[in-house]
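Asks: Got a structure here, written out as structure tokens. Questions coming.
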Amino acid sequence: MSDRDSALRRISRGPWRRTYGRINKVNTKSGGLMPREAEHVTSPFSPGYGRRPLVFGGHKEELDELTEVFRTLDFGENHSVLISGLRGAGKTSMLTMLQDAALEHGWLVISDDASSGLMERVMDTAIPSLLDKLEPATRTRLAGLGIWQLNAQLQYVDRHRQVKPLLRTDLIALSEHIGQAGILITIDEVSSGKTRLRELSRFALEVSHALQGGANVMIVFAGIKVDLDALLEQVHTTFLRRSKQLDFRRLTPKETRRVLEESIRIGGREIEEEALVRLVAVSQGYPYLVQLVGDYAWRNTPSALRISVADAEVAHEKAIKAVQRRVISRVYQDLSEKDREFVQAMAQDHGRSKISDIVNRMGVSAQYVQVYKRRLIDTGYVKADGHGYVAFSLPYLGDYVRSMTAERDEPVASRDEWDDFPPPPSV
């Protein structure tokens with residue numbers, strides 16, 4: 001099934017049905033769908049956090065492979081998966097797509113983030129909620145195990161154990177009694193804080209014991225690479241070191257164009273070639289920015305059946321300001337003082353930067369610079385760009401750093417608008 005067919009299928013059965021209910025004829029020129037009243041058609045782009053995009057860019061082979069596990073229960077290396085990548089690269093959207101695919105194949109899905117209290121939320125809230133949604137026959141079998149106490153209507157009441165409940169026991173019991181399906185667990189926003197890592201390590205240990213007990217479980221962790229690497233260094237996460245690893249970076253220009261063009265076509269509109277080229281160039285393959293710039297272009301003249309160069313120009317200005325405010329400024333704030341010195345040294349160049357120049361600008365040893373180079377590459381914000389060179393991999397980060405440096409170097413103004421309105425004397 002093509003991406004377009006898959007998207008139209010989701011439109012027909014999901015929340016898009018209300019939006020696109022008025023679509024009633026095919027535009028034979030573009031192959032897309034033409035709305036009767038274009039101004040009432042909702043944007044097909046999804047720039048919000050964690051929202052599943054209508055057209056997903058990249059990682060098709062990996063997504064197909066993982067989806068096949070949901071159908072066959074033939075796990076191979078896919079019992080555990082680590083998804084790394086910079087912010088806005090599509091990690092959370094990937095988790096959402098995996099959850100949807102698992103549910104379509106009858107799997108149970110446990111979805112949470114790595115914040116404090118994960119184990120308790122899963123055992124005391126997520127699993128009881130799953131129990132209440134199971135078929136009565138399955139709940140009857142589970143009630144007979146004496147693990148959970150159910151009432152006469154087979155609704156969860158409480159745990160019924162003399163010993164401390166364990167997540168591994170819950171997962172094994174659920175897996176054995178849900179038929180030809182498994183359990184997908186997705187944990188987003190992995191953090192490298194010591195307390196969080198200890199809890200994640202304990203959680204991972206329980207899952208590994210469940211796998212050893214024969215449970216059909218796939219667990220997926222998502223986060224920035226440095227945080228996932230810190231998780232792998234914990235004492236109880238040995239099995240995660242053999243995980244399938246997906247690294248989410250920027251899309252290729254070809255894939256970026258496909259996402260934009262296909263989303264617009266499915267939405268029922270067309271786009272001028274020059275406008276499409278402009279949007280591809282602005283987005284730089286950064287998945288969040290692809291959705292954002294597409295959304296702004298769509299909304300600029302929503303009643304027009306064709307997105308124009310003028311729409312793309314407006315989207316360009318709005319999207320860059322938005323991504324710098326929402327993502328890049330936070331990335332910069334999260335950097336350590338030395339990391340900032342490194343990117344400030346890089347930002348003096350408008351292309352790639354030579355490591356020896358960064359060494360001179362920072363006034364430190366080459367070995368010292370290599371430590372921060374490696375760390376910034378692991379975050380996904382910087383990439384190696386030929387022998388002895390680095391470049392920014394997060395679009396517009398260099399521009400932002402340069403603007404911060406210029407702002408810092410500007411002289412402080414001696415007057416402001418309120419100088420002409422001095423406060424009245426105190427009484």
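Asks: Buried (at least 20 other Cβ atoms within 10 Å of the Cβ), in contact with a helix residue (DSSP H, G or I) (Cβ under 9 Å, 6 or more places away or on another chain), touching a residue at least 12 places away in the same chain (Cβ under 8 Å) and not β-branched (Val, Ile, Thr): which single residue out of 234, 291 fits that description? If you could, list the steps in order and put the result at the bottom.
Replies: Values: 234 fails: buried (at least 20 other Cβ atoms within 10 Å of the Cβ).
Step by step, each of 234, 291 is checked, and only 291 is buried (at least 20 other Cβ atoms within 10 Å of the Cβ), in contact with a helix residue (DSSP H, G or I) (Cβ under 9 Å, 6 or more places away or on another chain), touching a residue at least 12 places away in the same chain (Cβ under 8 Å) and not β-branched (Val, Ile, Thr).
Asks: Here are the criteria: (1) hydroxyl-bearing (Ser, Thr, Tyr); (2) assigned to a helix (DSSP H, G or I); (3) at pLDDT below 95. Tell me which single one residue 356 does not satisfy.
Replies: Failing condition for residue 356: (3).
Asks: For residue 209, which of the numbered conditions (1) at pLDDT 95 or above; (2) in contact with a strand residue (DSSP E or B) (Cβ under 7 Å, 6 or more places away or on another chain) fails to hold?
Replies: Looking at each condition in turn, residue 209 falls short on (2).
Asks: Which one of the conditions (1) out of contact with any strand residue (DSSP E or B) (no Cβ under 7 Å at 6 or more places or on another chain); (2) in a helix (DSSP H, G or I); (3) closer than 23 Å to residue 186 by Cβ does residue 234 fail to meet, given that it meets all the rest?
Replies: (2)
Asks: Counting only residues that are touching a Pro at 6+ places or on another chain (Cβ under 9 Å) and modelled with pLDDT of 85 or more, give me the strands (runs of 3 or more DSSP E) lying completely in the range 139-205 with at least 2 of them. Let's see the steps before the verdict.
Replies: Details: elements: 148-150, 156-159, 183-188.
Filter on the range 139-205 gives an empty set.
Asks: For the range 216-225, indicate whether the set of residues that are outside any helix (DSSP H, G or I), under 27 Å from residue 172 (Cβ atoms) and free of Cβ contacts under 8 Å to residues at least 60 places away in the same chain is non-empty.
Replies: No, the range 216-225 has no match at all.
Asks: Name the pairs: first residue in the range 370-385 and over 16 Å from residue 334 (Cα atoms), second residue part of a loop (DSSP other than H, G, I, E, B) and charged (D, E, K, R), Cβ to Cβ under 9 Å, at least 6 apart or on different chains?
Replies: 383/249; 385/352
Asks: Which residue, of 242, 257, 198, is out of contact with any strand residue (DSSP E or B) (no Cβ under 6 Å at 6 or more places or on another chain), within 27 Å of residue 86 (Cα to Cα), not assigned by TED's automatic domain parsing to the domain that holds residue 96 and not acidic (Asp, Glu)? Spell out how you get there, then give the answer.
Replies: On the way: 242 fails: not assigned by TED's automatic domain parsing to the domain that holds residue 96; 198 fails: not assigned by TED's automatic domain parsing to the domain that holds residue 96.
257 is the lone residue from the list that is out of contact with any strand residue (DSSP E or B) (no Cβ under 6 Å at 6 or more places or on another chain), within 27 Å of residue 86 (Cα to Cα), not assigned by TED's automatic domain parsing to the domain that holds residue 96 and not acidic (Asp, Glu).
Asks: Among the residues of the range 90-117, how many are acidic (Asp, Glu), in contact with a Leu (Cβ under 8 Å, 6 or more places away or on another chain) and more than 21 Å from residue 173 (Cα to Cα)? Please lay out each step first, then the result.
Replies: Our first condition is that a residue be acidic (Asp, Glu); within the range 90-117, this holds for 100, 104, 112-113.
Those still in the list that are in contact with a Leu (Cβ under 8 Å, 6 or more places away or on another chain) too: 112.
Next, only the ones that are more than 21 Å from residue 173 (Cα to Cα) stay: none.
Final tally of qualifying residues: 0.
Asks: Taking the range 386-402 as the search range and keeping residues that are of a type in the set (Gly, Ala, Ser) and free of Cβ contacts under 8 Å to residues at least 40 places away in the same chain, which one is surrounded by the fewest Cβ atoms within 10 Å (Cβ to Cβ)? Can you show your working first?
Replies: At the first step, the residues of the range 386-402 found to be of a type in the set (Gly, Ala, Ser) are 386, 388, 391, 393, 398.
From what's left, free of Cβ contacts under 8 Å to residues at least 40 places away in the same chain: 386, 388.
On the way: 386: 9, 388: 12.
Among residues in the range 386-402 that are of a type in the set (Gly, Ala, Ser) and free of Cβ contacts under 8 Å to residues at least 40 places away in the same chain, the one surrounded by the fewest Cβ atoms within 10 Å (Cβ to Cβ) is 386.
Asks: Could you tell me how many of the residues in the range 86-130 are more than 22 Å from the chain's Cα centre (by Cα) and crowded, with 20+ Cβ neighbours inside 10 Å?
Replies: 1
The values are calculated or read from the model by the stated rules, or taken from the named source; none is laboratory data. Treat the numbers as computed from the prediction; the structure is a model and nothing was measured. Backbone-built Cβ (ideal geometry, glycine too); neighbour counts: all protein chains shown.
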